[in-house]
Structures are given as structure tokens and as C-alpha cells.
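What follows draws every value from the coordinates through simple rules; no lab data is involved. For clarity, every value in this text was computed on a predicted model and none was experimentally measured. Reconstructed Cβ throughout: ideal geometry from the backbone, glycine too, with neighbour counts over all protein chains shown.
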Amino acid sequence: MSVDHPNILLVEDDPSQREVLTYNLQAEDFKVICADNGEDALLLVEEEEPDLILLDWMMPNLSGIEVCRRLRSRLETRSIPIIMLSARSEEMDKVRGLEIGADDYLVKPYSVVELIARVRAQLRRTRAASIGAALYFQDITLDPETHKVFRAETQIKLGPTEFRLLRTLMEKPGRVWSRDQLLDRVWGRDIYVDTRTVDVHIGRLRKALSQQGGKDVLRTVRGAGYALG
């Protein structure tokens, strides 16, 4: 998560609602990505990895409820906070939205001030849950607080870039990351680095993890990128 400027995916098919919410969220220093339908929303979740999703219930073709259900069914996206926006005010509608997997439910018309407060509350909760949590994959342990990595009982010495790279891969085991996605996540969106740099650091990480004879857990997916496991 970007601490200073969280990335919000706004999924709303009403242009005027999108415009108002985008303006107000950006005024609060959020980055905003917009989709006007469920199909595009699912693609943008893959590409942009939002910190939170504002999801309209009533959309043509693919409803917000279905989008929420699909996101919650996948390991890579099930932990992204979702706030459902809906004109449906019946209690059973709210219950259904929450049971499908929404973290919060806001009935239209709503106060933009309240919406932003709820966005901040969800981001605080997610941030608190992720800070300091050790990551595990097979016999590899990564501790973000002490900045240490162990394979079995042996500590692995990693440079800062390799550490960030491994942390990214361990946050979502099995997910295939493109070189561009890894550049954005590990080096930052505003820094120009050649994509071949990713290959160099993956090579260093692979060597470090295997130096004690452990099997290679980094997978190269030809034409796509890299994955852990």
C-alpha cells in the first residue's frame, strides 16, 4: 500500500457520480482509477493493484455484487477492502452485500465526507493488519520488522532491492508478476529503470535463496514475468 497516496479504484457507471467522487478523493490526496463497468474493473484490479475499491452495486452486464464475489474467490484479491455503494437501502440488500464479501456498505445518496471517513477507516484497518506481519513460503521466512530472511534455520543475506522483491513475491505466492509490475512495486512508478534490471535482481535473489542448496522457488514464466512457487 502507498502510505501517502493510497490507490483507490472507483467503479461507478454514472458519469456525474464518478466526477464528483474523483474530485473529492483527489482533493484528499488519494490516487483514483476509474471504471464504468464490472469487466473493466476486474482488469484494472489486476493491472493497478488498488489499496481499496469503491464498488457500485447496480451496473449493466456485470453487477457490483458479482464483481465482489469474483474478487473474494481469488487468493490474490480477496484481502482488498471493498466498500459497496448502492441505492438499495433494504436491510437484506446490505446483509447480502456484506455476506458476499464487501467490507462496508454505503446507501445512496450519501455524504462525501462520510464516504471519505469510511475509506480512511478501511485503509487504517488494512494497514494495521499488514504492518510487521512475517511472511512465510515453504521453508522461507521474511520478517519486515527486523528486515531478516531465513531459509530453514539459515539466515539469508539480501540487499535492499532483493528484499523488497522477495517481499512482493511472498505477499502473493503463485501470482505471475510482469517486469513492469515489479518495477512499479519495487522501484516505484516515478523512477525510470530498464526492465532488464528486474532480470538482474531476480538472478541475484535466486542465487541467494539457493546458496545453501535449497531448491529454486522462483519461477520464470516465458513472455509474462516471474512468480514464487
Checklist entry - Relative to the longest principal Cα axis of the chain, at what angle does helix 91-100 sit, 0 to 90 degrees, rounded to 10? => result 10
Checklist entry - How would you rank LEU169, LEU123, going from fewest to most other Cβ atoms within 10 Å of each one's own Cβ? => result LEU123, LEU169
Next on the checklist: Let me make sure I get this right: for segment 112-212, a, b and c are the square roots of the gyration tensor eigenvalues over alpha carbons, sorted descending. Under 1.5 in a/c it's rounded, otherwise prolate if a/b > b/c, else oblate. Which is it?
Outcome noted: oblate
Checklist entry - How far is helix 38-48 tilted off the main Cα axis of the chain, in degrees rounded to 10, range 0 to 90? => result 30
Checklist outcome for this item: re segment 7-130: pairs of Cα atoms spaced beyond 25 Å account for a percent value of 13
Next on the checklist: Cut-off 10 angstrom, C-alpha nodes, Gaussian network model of the chain. Which of THR161, THR197, THR22 fluctuates the most?
Outcome noted: THR197
Checklist outcome for this item: Longest principal axis of the chain (C-alpha) makes with the long axis of helix 15-27 (C-alpha) an angle, in degrees to the nearest 10, of 50
Checklist entry - Listing CYS34, CYS68 from the residue with the fewest other Cβ atoms within 10 Å to the one with the most, what is the order? => result CYS34, CYS68
Checklist entry - Cα convex hull of the chain: how many Å³ per residue? => result 134
Checklist outcome for this item: Magnitude of the Cβ-charge dipole (Lys and Arg +1, Asp and Glu -1) of the chain about the Cα centre, nearest 20 debye, reported as 1220
Next on the checklist: Given the options SER89, MET59, LEU43, identify the residue whose Cα lies farthest towards the positive end of the charge dipole of segment 7-130 (+1 on Cβ of Lys, Arg; -1 on Cβ of Asp, Glu).
Outcome noted: SER89
Checklist entry - On average, how much area does the Cα convex hull of segment 74-165 cover when viewed from any direction, in nm²? => result 8.2
Checklist outcome for this item: Summing +1 per Lys or Arg and -1 per Asp or Glu among the other residues with Cβ less than 13 Å from ILE202's Cβ gives +4
Next on the checklist: Explain nothing, just the number: dipole magnitude of segment 7-130 about its Cα centre with +1 on each Lys and Arg Cβ and -1 on each Asp and Glu Cβ, in debye rounded to the nearest 20.
Outcome noted: 560
